[in-house]
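Quick notes on the structure that follows.
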């Protein structure tokens, strides 16, 4: 919905977005996160400070899910062996109860730009039901 004032400035009225409570949805999804430490070790990084935010868009009848975290260097030698122009990609996959991938998102950056810590964010939009999400796997490639 749009409103305009006396200066003909258009203002977006955000009454369609209803944020879901952290306890009800975000915490439930957070508990479904699975990391792959052996792969992290091969690249020389770890994931820390992971969090999930869930928004429900009432007028679209769907969810948006945002996954955030820090990528932290844990082995500089291993990381340097990758080479400065190698990209580190963080993959976030959503799985159903049968182990099938239902959504995937990526975030990448170059090793040469990595100063020991990097924050990532991936988003999933138009998710009709979060009940179908059985596992959230986060891993580097």
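Listed values, structure above:
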| item | result |
| --- | --- |
| Principal axis dimensions, the stretch 48-116 - Cα atoms, whole angstrom, descending | 48, 25, 20 |
| Estimated distance in nm for a label pair at residue 126 and residue 89, the labels positioned 7 Å out from Cα along Cα-to-Cβ | 2.1 |
| Directionally averaged projected area (convex hull, Cα atoms, the stretch 14-140), nm² | 8.4 |
| Theoretical gain in end-to-end length, residue 56 to residue 97 [0.36 nm per residue, Cα-Cα removed] | 12.6 nm |
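Just so you know, all these numbers are worked out from the coordinates, no wet-lab data involved. Nothing here was measured: the structure is a model prediction, and the numbers come from that model. Virtual Cβ from ideal backbone geometry, glycine too; neighbours counted across all protein chains shown.
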